[in-house]
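The values are calculated or read from the model by the stated rules, or taken from the named source; none is laboratory data. As the structure is a prediction and not an experimental result, all values here were calculated from the model. Positions of Cβ are generated from backbone atoms using ideal geometry, with glycine treated the same way; all protein chains shown enter the neighbour counts. Ligands, DNA and RNA are excluded from the accessible area calculation, which covers all protein heavy atoms including side chains. Shrake-Rupley method; radii C 1.70, N 1.55, O 1.52, S 1.80 Å.
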Amino acid sequence: MSYLNRRKFMRNSLASAAAMSAAPYFVRNLGANDKLGACVVGIGGRGNSHIGAYIGDSRTVVTALVDVDEGIGKRRAAEVAERQKFEPKLYTDIREALQDPSVDFISTATPNHWHALVGVWAMQAGKDAYIEKPISHNVLEGSALVAAAKKYGRMCQVGSQCRSNPALHNAIKFMNEGGIGEVKFARGLCYKRRASIDSLGDYPLPEGVDFSLWSGPATYTNPKLTRKRFHYDWHWQRLYGNGDSGNQGPHQTDIARWGLGLDRHPNSVISYGGRLGYQAERKDENYVDAGDTPNTEVSVFDYGDKCIVFETRGLSVNGQSDEEINKLFQRGPDGKGNIIGVIFYGSDGYVVQKSYTHCIAYDKDMKVIQEFKGGGNHFGNFVDACISRKYDSLNGDAMVGHLSASLAHLGNISYYLGEKNTVSVDEAKTVLEKVKSLDDNVATLLRTAKHLTDNGVDLEKYPMALGPYLKFDPRREIFPDSKEATAMTTRAYREGFVCPKPADV
Ligand SMILES: NC(=O)c1ccc[n+]([C@@H]2O[C@H](COP(=O)([O-])OP(=O)(O)OC[C@H]3O[C@@H](n4cnc5c(N)ncnc54)[C@H](O)[C@@H]3O)[C@@H](O)[C@H]2O)c1
């Protein structure tokens with residue numbers, strides 16, 4: 001079916017869809033009926049990059065914007081009108097936007113707790129969906145998106161843009177062709193300084209925000225805001241966010257899975273860490289930060305013959321003592337700033353993902369063998385697929401997003417279940433040395449403990465918590481030995497905002 005014919009087809013099928021309003025399909029007067037109509041949902045920080053991508057693509061036009069914060073919505077709508085010389089319609093409720101026949105696809109950068117529901121509703125309404133990482137807030141939401149894409153024949157891409165970057169494609173090809181020998185283990189790193197989000201409190205809501213709608217599928221706290229900054233800092237409150245293992249993490253765990261060829265869930269997980277260091281940072285031993293996700297977390301994922309470890313460090317790694325990591329990321333012991341990336345350990349060397357557009361292969365002596373550079377156009381890849389209707393052409397489909405987001409969820413499930421189980425480093429060592437892994441678990445634990453004490457954390461007073469070792473059934477997506485953990489693969493939804501189970505999409 002040609003591009004233009006597809007538009008006619010869409011027009012007809014939309015006109016006959018009972019779910020759609022009686023409004024004519026073309027309500028826009030752009031005279032650009034060869035363009036796909038984009039609706040960008042959640043237009044705070046990241047959503048603005050989505051807007052830019054569709055304005056910059058000659059095949060698309062931004063016909064609608066959605067934000068529950070009216071102020072942000074109005075500002076962006078004016079900007080978009082100016083940039084593309086066509087005024088988008090502005091909505092605060094995604095459900096209304098999905099009735100808009102000028103919308104062919106949605107592109108969403110809301111907070112994490114809304115991702116899956118926006119995606120499922122969009123696909124049910126016959127729209128394609130580009131959904132930011134993590135694609136889900138819990139495991140079953142990711143499965144629901146996979147099922148919806150299949151059932152409704154829609155394109156569903158996750159916002160893991162590295163999947164479209166030549167740097168990654170070429171580095172992974174190099175590994176697959178044996179460039180560093182046999183590769184079974186990857187370590188993802190999110191050493192990203194995160195200051196405290198300020199103390200737990202009762203703060204005023206920003207004007208123009210419908211907090212009930214913003215809360216959506218999450219528990220409505222009626223209307224109590226416990227963090228100072230309304231936007232962005234939801235990442236560190238588990239009702240809405242998934243901590244850095246679900247924020248930065250999905251980029252790195254996705255690359256780790258991709259490089260190791262792991263198109264499945266792991267067989268087990270164990271996680272440890274804490275939300276630590278802010279008492280020292282604030283010089284107040286009774287200080288309570290408003291976040292409740294760990295800022296320090298290590299998760300070990302066993303895949304049988306392969307393994308991924310993901311490390312989150314929210315405190316400073318300036319001048320960190322870890323020689324191997326410093327060398328692989330090409331910084332000395334006096335190095336400053338964050339370290340974010342993936343290390344693949346091969347029998348003959350290493351491949352390091354140093355940035356989204358730069359990978360380096362080393363031999364065993366850490367001498368550079370080859371470098372891989374270059375970024376791509378992940379939004380463009382999604383638009384390609386929306387036109388061609390070839391699901392296989394998506395570089396990061398719903399399943400990719402689901403498997404990678406799930407690593408954050410599995411790690412957090414272990415951590416949350418063990419949150420009260422605070423342990424000394426020696427106690428953790430006794431447990432972790434028995435856990436199956438291709439990493440040296442104890443060495444990683446000791447490095448993590450040193451990182452904390454280097455940041456002034458008194459581990460006797462503020463110890464780490466050790467989660468349970470949990471077996472996972474990758475096919476059934478349950479923890480066969482823990483009902484409690486299995487219950488955490490979903491959430492208690494609010495009426496009207498229920499993300500359906502995968503079988504019910
Ligand atoms: N791919 C990447 O590199 C990348 C980079 C940054 C952020 N992200 C992802 O993008 C998402 C947004 O992050 P951010 O930093 O822009 O957050 P943000 O808090 O700055 O912006 C979120 C926006 O969504 C709006 N919103 C909330 N609920 C909504 C709803 N139901 N409908 C419409 N709008 C709603 C908020 O009002 C806000 O304007 C996150 O999931 C994050 O993980 C991805």
Number of positions in the stretch 332-367 that are surrounded by fewer than 18 Cβ atoms within 10 Å (Cβ to Cβ) and more than 24 Å from G261 (Cβ to Cβ)
10
Kindly list the number of the only condition in (1) within 9 Å of the ligand (Cβ to nearest atom); (2) part of a helix (DSSP H, G or I); (3) surrounded by 22 or more Cβ atoms within 10 Å (Cβ to Cβ) that fails for A116.
(1)
Tell me, which residue of the stretch 182-198 that is assigned to a strand (DSSP E or B) and more than 15 Å from L452 (Cβ to Cβ) is most open to solvent (accessible area, probe 1.4 Å)?
K184
From the options N455, N421, residue that is in contact with a strand residue (DSSP E or B) (Cβ under 6 Å, 6 or more places away or on another chain), outside the structural domain of S143 (by TED's automatic domain parsing) and modelled with pLDDT of 95 or more:
N421
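Okay, residues lined up against (1) within 14 Å of the ligand (Cβ to nearest atom); (2) within 18 Å of G126 (Cβ to Cβ); (3) of a type outside the set (G, A, S):
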| site | (1), (2), (3) |
| --- | --- |
| N48 | yes, no, yes |
| G52 | yes, no, no |
| E70 | yes, no, yes |
| P88 | yes, no, yes |
| P101 | no, yes, yes |
Flag if S245 is over 21 Å from L417 (Cβ atoms), touching a residue at least 60 places away in the same chain (Cβ under 8 Å), in a loop (DSSP other than H, G, I, E, B) and of a type in the set (S, T, Y)
no
What number goes with the only condition from (1) open to solvent by 10 Å² or more (accessible area, probe 1.4 Å); (2) among the β-branched types (V, I, T); (3) not assigned by TED's automatic domain parsing to the domain that holds N377 that V158 does not pass?
(1)
Which of the residues belonging to the stretch 274-299 are in a loop (DSSP other than H, G, I, E, B), of a type in the set (A, V, I, L, M, F, W, C) and under 27 Å from L410 (Cβ atoms)?
L276, A290
Counting only residues that are among the small types (G, A, S), part of a helix (DSSP H, G or I) and either at positive phi or away from the ligand (no atom under 16 Å from the Cβ) (or both), the stretch 134-178 contains a total of 6
Quick check on the stretch 216-238: of everything there that is surrounded by 19 or more Cβ atoms within 10 Å (Cβ to Cβ) and assigned to a loop (DSSP other than H, G, I, E, B), which residue is nearest to the ligand (Cβ to nearest atom)?
G216
Could you list all residues from the stretch 239-264 that are open to solvent by 10 Å² or more (accessible area, probe 1.4 Å) and of a type in the set (D, E, K, R)?
D263, R264
Residues of the stretch 270-303 classified as surrounded by fewer than 19 Cβ atoms within 10 Å (Cβ to Cβ), among the charged types (D, E, K, R) and free of Cβ contacts under 8 Å to residues at least 40 places away in the same chain, total
2
